[in-house]
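J.: If you scroll down you'll find the structure; I have some questions about it.
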Amino acid sequence: MSELLALIGPATTARSAARDARRRARAAARATLAADRPVARVLVDTGLAHLDRTFDYSVPASLEEQAVPGARVKVRFAGRDLDGFVVERTDRADHDGRLQPLRRVVSSEPVLTPHLLAVAERLAAASAGTVGDVLRLAIPPRHATAEKALDRQEAGADTVSGAGDPPTARREGSAWEPYPAAGAFLGHVGSGGAPGASWLALPSVTDAARDWPAAFAEAALVAARAGRGSVLVVPDHRDLTRLEAAVRAVAGPSAYVRLTADQGPQARYTAFLRALRGHVRIAIGTRSAAFAPVGDLGLVAWWDDGDDLLDEPRAPYLPVRAVLRERAEVAGAAVLAGGFTRSVAVQQLVEDRVLVPLEAPRPVVRRAAPRVRVAGDDRDLARDPAGARARLPSVAWQAAKDALDTGPVLVQVPRRGYVPAMACQSCRRPARCEACHGPVAVAGGSGPPQCRWCGRAVREFDCPFCGGTRLRAAVTGARRTAEELGRAFPGVPLHTSGAGNVLDRVAGAPALVVATPGAEPLAEGGYAAGLLLDAWAGLDRPALDAG
């Protein structure tokens, strides 16, 4: 035993000495500060609002070349290693005491640009949030493989792909021709100006060269030819597919990047880096593309401001409109808010003269817009009192029947499911579950009503207000509507598009298409008619702009 202890003793002493030597070497390396600007101001991701500011750290000489402004670093903060961004390098610190050194540089890629930092600070102040929360939305997580792959690609290429001048757009068939003020707007964009416009697009889905994706692509091309970048944001992947096809047609496949939340980590970070390094001048995508770090930003545009998908559901709950307007103000870029109609917020910007209306003349609008009829008006009541109050009035049924001779008919239903809400037959008050007070609904064509919250079957109903015992459908869902239309139009093909099964396109042949709001597929050649059922139900949305 004594011999064994004699062997263990020297080995333990040697390991301890080696550890001490390494510790002294690291301490010596940290003690040797950078010769140029040895102090780094770091924005530390603490997650705490009262610590939402920069902190001073010393820059070791070994990290002098890597710790550039905008780089990701690890720092010691409150006894933990936290992530942060180097905001700037200075010669003197604001703190009088001893500074902690930077632990390490995660990546020397300057992902936090001065533009993004200025925008994040303004957004955080306007939304009562923190700069760290905004930057978590703006900058995707690092992917080392993406960085290395892009470095190898740049090293092996003589020129940067996509950095050259984009092709010249053809003038014939321009999507902006119906709008008299469009020439002045695009001229300002091409000359380096910063105009702001609210564009009301004409319904022109039957002509792809005049549809809104082509107009967006042409506006981005004007900015690109002037050496300016563009960020184009749309609500969902179906709109993005159409926009990408239009941008590819006028600018080429290497002139843009696509940024969406459903991309994989490597693909999304690669697209982010390509925009950051100046490989492309155009960035397109859904909500996550609003912060795309395109250089020399000259145009920001978004489509359909009223779509809920453009509102960020995470703190600080920034809508795309607010992000792009701040970016435009910081960079001196043009603003284009497009849509078939205006949201309340965009209309307020128009009335405040922040955005200028960009519209077609009234005669052109009348020729392009469909004829709209409201069922249940005085004429319908006089002609068919009972049918005017039906869910599918006779005028709507006749319009659908006539339109089916030439093409598909869209039937929009505001609620999914079968019968998503029921009410008392006598007093019309909403029916509620006795156990949890949840809404009572019918899930299918057979079976008793049941609570949507707890699933309890409601076999006997007793209204607590009037004593009624019978139930009626308060709202009819898309499945029940499709079932009724199938009986009303036997032999006509029927398609449904909604949650879980969203159709992108339907053929131009006669068919009935039942869809919930936001899930309406495109029809080849356009729809022959559209029926908006239960339009009053849209007023039940829990939003101030429901009307």
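The values are calculated or read from the model by the stated rules, or taken from the named source; none is laboratory data. In this text the structure is predicted, and so the values were computed from the model without any measurement. In this analysis, Cβ positions are derived from the backbone assuming ideal geometry, glycine residues included, and neighbour counts consider all displayed protein chains. For accessibility, only protein heavy atoms count, side chains too; no ligands or nucleic acids. Shrake-Rupley method; radii C 1.70, N 1.55, O 1.52, S 1.80 Å.
J.: Taking the range 430-463 as the search range and keeping residues that are part of a strand (DSSP E or B) and in contact with a Pro (Cβ under 8 Å, 6 or more places away or on another chain), which one is surrounded by the most Cβ atoms within 10 Å (Cβ to Cβ)?
T.: Val440
J.: Scanning for something in contact with a helix residue (DSSP H, G or I) (Cβ under 6 Å, 6 or more places away or on another chain), charged (D, E, K, R) and at pLDDT 95 or above, does the range 261-277 turn up at least one residue?
T.: Looking through the range 261-277, none of the residues is in contact with a helix residue (DSSP H, G or I) (Cβ under 6 Å, 6 or more places away or on another chain), charged (D, E, K, R) and at pLDDT 95 or above.
J.: So for the range 465-476 (the condition being open to solvent by 80 Å² or more (accessible area, probe 1.4 Å), at pLDDT below 90 and assigned to a loop (DSSP other than H, G, I, E, B)), does at least one residue qualify?
T.: no
J.: Going by what's in this entry, would Ala29 be described as surrounded by fewer than 19 Cβ atoms within 10 Å (Cβ to Cβ), in contact with a helix residue (DSSP H, G or I) (Cβ under 6 Å, 6 or more places away or on another chain) and at pLDDT below 80?
T.: So Ala29 fits the description; yes.
J.: Next up: Just one of Ala375, Ala400, Ala388, Ala368 is more than 30 Å from Phe185 (Cα to Cα), under 36 Å from the mean Cα position of the chain (by Cα) and at pLDDT below 90; which is it?
T.: Every option except Ala375 fails the conditions.
J.: Out of all the residues in the range 336-352, is one or more over 23 Å from the mean Cα position of the chain (by Cα), open to solvent by 40 Å² or more (accessible area, probe 1.4 Å) and not β-branched (Val, Ile, Thr)?
T.: yes
J.: Go through (1) touching a Phe, Trp or Tyr at 6+ places or on another chain (Cβ under 9 Å); (2) farther than 27 Å from Ser174 by Cβ; (3) of a type in the set (A, V, I, L, M, F, W, C) and name the single condition Val257 misses.
T.: (2)
J.: Can you tell me which residue among Val365, Val323 is farther than 29 Å from Val131 by Cα, touching a residue at least 12 places away in the same chain (Cβ under 8 Å), open to solvent by less than 40 Å² (accessible area, probe 1.4 Å) and in a helix (DSSP H, G or I)?
T.: Val365
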